Amino acid sequence: MEDCIFCKIINGEIPCFKVYEDDRVLAFEDINPIAPGHTLIIPKNHAENLFEIPDEDLAAIHLASKKIARAMKKALAPTGIACLQLNGKGANQVVMHYHFHLVPRHEGAPELPITAWELKPGDMQQIEETAKKIAAALND
């Protein structure tokens with residue numbers, strides 16, 4: 001896709017700080033990092049989001065993320081690693097090319113809002129109804 005910044009990175013038109021690459025995946029450091037080591041893993045074939053990405057590319061991203069997370073653990077000694085993937089403008093996806101974030105977390109770092117929410121018991125009837133709707137849609 002000619003106007004996609006991640007496609008331009010894949011094609012070598014824009015430089016990146018490469019962490020990992022194979023035939024399906026490219027991983028590089030985010031230039032607007034949440035924390036040191038914040039890495040993006042993208043498919044080399046353009047797909048906008050989770051709804052469009054081919055299964056093979058999705059699997060390749062997650063296999064690569066496991067390798068990279070192990071390397072992060074060894075190199076940066078985080079107390080945890082946040083994994084984040086956004087789909088669509090409503091979820092605040094900014095670059096419309098599927099990408100998976102690995103964000104090393106360290107003791108004393110500010111909380112990530114998506115990883116820190118107040119646990120409140122839900123309405124069990126509503127939860128059950130929602131589960132049934134999703135399960136039924138899987139069979140359609």
Residues (polar (S, T, N, Q) and over 22 Å from Leu86 (Cα atoms)) located in the range 104-140: Gln125, Gln126, Asn139
Any residue in the range 34-46 that is among the β-branched types (Val, Ile, Thr) sitting within a Cβ distance under 6 Å of a residue that is assigned to a loop (DSSP other than H, G, I, E, B)? List the pairs, counting only those 6 or more apart or interchain. Ile42/His99
Looking for something under 28 Å from Ile9 (Cα atoms), out of contact with any strand residue (DSSP E or B) (no Cβ under 8 Å at 6 or more places or on another chain) and among the aliphatic types (A, V, I, L, M) - is there at least one such residue anywhere in the range 108-119? no
If Leu86 meets every condition in (1) surrounded by fewer than 16 Cβ atoms within 10 Å (Cβ to Cβ); (2) free of Cβ contacts under 8 Å to residues at least 40 places away in the same chain apart from one, which number is that one? (1)
Taking the residues in the range 18-33 that are surrounded by 15 or more Cβ atoms within 10 Å (Cβ to Cβ) and not in a strand (DSSP E or B) as candidates, determine which candidate is modelled with the highest pLDDT. Arg24
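The values are calculated or read from the model by the stated rules, or taken from the named source; none is laboratory data. Computed from a predicted model, the values in this text were never measured in an experiment. A quick note on method: Cβ atoms are made from the backbone with ideal geometry, for glycine too, and the neighbour counts reach across all protein chains shown.
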